[in-house]
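J.: Here it is: the structure, laid out below.
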Amino acid sequence: MAATSPTQAPVPSEVVSRRPAVVIGRSAGLLIGLALVGFVALLSLRFGAHPITTGQAWNAIFDYDSSSYEELVVRTLRMPRTVIALGCGAALAVTGAVMQAITRNPLADSSILGVSGGASFAIVTAIFYLGITSPYQFVWFAFAGALIASVLVFAVGASGRDGATPIKLTLAGVVISSLLAAWTSALVLLDEQTMEVARFWMAGSVAGRPLDVFWVVSPFLIVGTLACVFLGHQLNVMSMGEETARSLGMNTARTRIICGVLVVLITGAATAAAGPIGFVGLAVPHMVRAVIGPDYRWILAYSVVVGAIFLTAADILCRVVLENGELQVGIVTALAGAPFLVFLARKRTVAI
Amino acid sequence: MTMTTPDFAMPARKPDDKPGHVTIRNRWFAVRLNYRVLGMCLFTIGLLALLTVWAMTLGSYRIAFGDVIRAVGGNANEEQNFIVQTLRLPRVFSALLVGAVLAMSGAIFQGLVRNALVSPDIIGINTGASLMAVIWIAYGFTAIWLPLAAFLGAIITAASIYVISWKGRIVPGQLILVGVGIGAFLSAGTTWVTLQFPIEQIRPAIVWTLGSVYGSDWGDVQLLGISLLVLGPLSVMLMWYLRALQLGDDIGRGLGMHLELTRLALIMVGCGLAAIAVSIAGPIGFVALMIPHVARMLAGALSGSVMLFTGVLGATFLLFADVVSQHFLPVTLPVGIVTAAVGAPYFLYLLYRSNARV
């Protein structure tokens, strides 16, 4: 165990590139990414238990004929889950990037840090225990749960001599998540019917979610995500470290609070719409960072695009991978994202 | 200033004769036990005995304290004999044995990594055992091999964590984080398996994943007892090697130890203990994390006698938690939820104090 000092990342010599070639290249990449989002969305409408052609999918959106079975399937089943997957994927990925910047912790993710655990505990309590069924009401529980859990995790994780090291934040998040999961199970344990619903909900899935839940949370998702995207400059400064940021004239406490509020709102909203979906916020920003480098203005924009593609593609995978029945997308993202955590943990910069 | 005379007269003290200790030494092993810690053990065992009897008086059918003691010997009336001997005694024994086994396994892992935040539940070893066990239960394989399957799950997980975090040496922080990642991966697998089955079929497995000693029978007690009889003394004996390892690899090597073999033995014993507990009671959390720490706080650095004390303390704690979960809550809950409710805040407090330097 070496004496731990807050990991001082080497200040990159050229974090922010203004060379026109770089800017044009990255913008073009972003446009290609947007085109891919459209392509994945189309695939998501087409793939599934019932085969649907591109033309039928097109008609279902722009020229809806409710007598056609295929168009009905697209409208009532495929479209909601595609929209939810796109929205939640983008939002979760961007919050992951924001958390990684403000905690200067490469392992930050809303599921690892217990934020989505808090939200889902509050939602399960509201729906199954207090009998609240309207999404207009239980989304507020999600915000409260996410807020309490994240404040607790950061209070405990940032305490002590060394401040918020990745490992302390991770352990605080893991333990608070497991405590909340135990309480959630205790709540649903007594009633078999509730347990049946809750166990699928707790796995995290975008399938079979009513679209009206998504409409309730979409303002938070969209506004929150856009706000995050425009924080790139602040996050660039923050990621140089507390002291550097302050000496550059930044009000770091204010930036932290703004980012924290955005993270809580977005995670609460995404959890209300899709259940706790983990590791999107961990994996996507790291993939993006590996390709385009450490400039947060680009990382955030790319995270939105890649996050949407990632979760939608994972959801398509859920539908085609099993011969009968479906996987829950939360399981796929955990199975794909947890090795990321292992990979990052082996890097010397993270530990310790 | 007078010259101190070199005390040639003093006989060289044999290392066995450290005051306040008793040494058991023979050809194969040597254990030095601390009288003070042995006294604490005896005191806790007394407490545990009282708790055991008290636990058996409670329930929808109340039995008086004296009647419980008579019923254990089979001298009370028939009804009381039946209730105590076939219903309450196995459960009480399972609870206390599971507690002892879990706590000792936690102590081994914490000692091995030299970090108080490590325990088989945090670094995913229990998750590995429980994934195998859930598969075993869900697909209806023979129940008799369940402990072996859980052990295999635990040992494969421990080996993967060790191999993946090995980079010429083990850095505790990296090992913990790798374990957390592997644990997340495996628990996603467990969720996947449970979602494949209808609720009526999988409910036992789900309840089991919360950790409970409900419905234990004498077969479970037998298995736990035998494992503890084998692995308990073994882990007490291994404590000397563990302490030598804690001084650093160079000193260990200088003492003529085979380092990787010693580590392997400790990991095998730790995994064995964890797997037995998990296969009987499910992944009961936080006992393995909290109890070794409390024991070290009360009795001092890890040694053979402190290992014994850890076991006794774990037994007392889990039995008490089981009594609380069974009788003193508005609804009956699996004991794993009670230990989480106590253990998670304790862990956060440890983290907050940063006592456990990570």
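The values are calculated or read from the model by the stated rules, or taken from the named source; none is laboratory data. No experiment lies behind these values; they were computed from the predicted model shown. Here the Cβ is made from the backbone with ideal geometry for all residues, glycine too, and neighbour counts use every protein chain on show.
J.: I want to confirm something. Restricting to the stretch B:297-343 and keeping residues that are under 23 Å from B:G270 (Cβ atoms), without any contact (Cβ under 8 Å) to a residue 60 or more places away in the chain and surrounded by fewer than 23 Cβ atoms within 10 Å (Cβ to Cβ), which single residue is nearest to the other protein chains (Cβ to nearest Cβ)?
T.: B:V342
J.: Take the stretch A:16-31 and flag every residue that is surrounded by 10 or more Cβ atoms within 10 Å (Cβ to Cβ), hydrophobic (A, V, I, L, M, F, W, C) and in a helix (DSSP H, G or I).
T.: A:V22, A:V23, A:I24, A:A28, A:L30, A:L31
J.: Considering only residues of the stretch B:208-241 that are in contact with a helix residue (DSSP H, G or I) (Cβ under 7 Å, 6 or more places away or on another chain) and within 12 Å of another protein chain (Cβ to nearest Cβ), which is modelled with the lowest pLDDT?
T.: The selected residue is B:W208.
J.: Looking at A:G268, A:G260, A:G275, which is the one that is surrounded by 22 or more Cβ atoms within 10 Å (Cβ to Cβ), out of contact with any strand residue (DSSP E or B) (no Cβ under 8 Å at 6 or more places or on another chain) and under 17 Å from A:V98 (Cβ atoms)?
T.: None of the others qualify; the one that does is A:G268.
J.: Moving on. Please find, among B:V207, B:V213, the residue that is in a loop (DSSP other than H, G, I, E, B) and closer than 23 Å to B:A100 by Cα. Don't jump to the end; show me each part of the working.
T.: Working: B:V207 fails: in a loop (DSSP other than H, G, I, E, B).
Unique residue meeting the criteria: B:V213.
J.: Check every one of the helices (runs of 4 or more DSSP H) wholly within the stretch A:246-352 and list those with 3 or more residues that are more than 12 Å from chain B (Cβ to nearest Cβ) and not aromatic (F, W, Y).
T.: Result: A:252-274, A:280-292, A:296-321.
J.: May I pose another question? Looking at the stretch B:155-181 only, could you name the residues that are among the hydrophobic types (A, V, I, L, M, F, W, C), at the interface with chain A (Cβ under 7 Å from one of its Cβ atoms) and touching a helix residue (DSSP H, G or I) at 6+ places or on another chain (Cβ under 6 Å)?
T.: Matches in the stretch B:155-181: B:I164, B:L177, B:V178, B:V180.
J.: Going by what's in this entry, would B:T127 be described as surrounded by 24 or more Cβ atoms within 10 Å (Cβ to Cβ), within 24 Å of B:L261 (Cβ to Cβ) and within 13 Å of another protein chain (Cβ to nearest Cβ)?
T.: Criteria not met by B:T127.
J.: Here is a follow-up. Any residue in the stretch A:43-55 that is of a type in the set (F, W, Y) and free of Cβ contacts under 8 Å to residues at least 40 places away in the same chain?
T.: No, the stretch A:43-55 has no match at all.
J.: For the stretch B:86-120, what are the residues that are surrounded by fewer than 24 Cβ atoms within 10 Å (Cβ to Cβ), β-branched (V, I, T) and more than 14 Å from chain A (Cβ to nearest Cβ)?
T.: Listed by number, the residues that qualify are B:T86, B:V92.
J.: Still on this structure, please answer the following. Check A:L147, A:L107 and return the single one that is within 16 Å of the chain's Cα centre (by Cα) and within 16 Å of A:C259 (Cβ to Cβ).
T.: A:L147
J.: List the pairs whose first member sits in the stretch A:168-194 and is facing chain B (nearest Cβ under 7 Å), whose second member is among the charged types (D, E, K, R) and in a helix (DSSP H, G or I), and whose Cβ atoms are under 7 Å apart, counting only residues at least 6 apart or on separate chains?
T.: Pairs that qualify, where the first residue is facing chain B (nearest Cβ under 7 Å) and the partner is among the charged types (D, E, K, R) and in a helix (DSSP H, G or I), are A:E192/B:R203.
J.: Would you pick out the residues in the stretch A:106-136 that are of a type outside the set (A, V, I, L, M) and modelled with pLDDT under 85?
T.: A:F128, A:Y129, A:G131, A:T133, A:S134, A:P135, A:Y136
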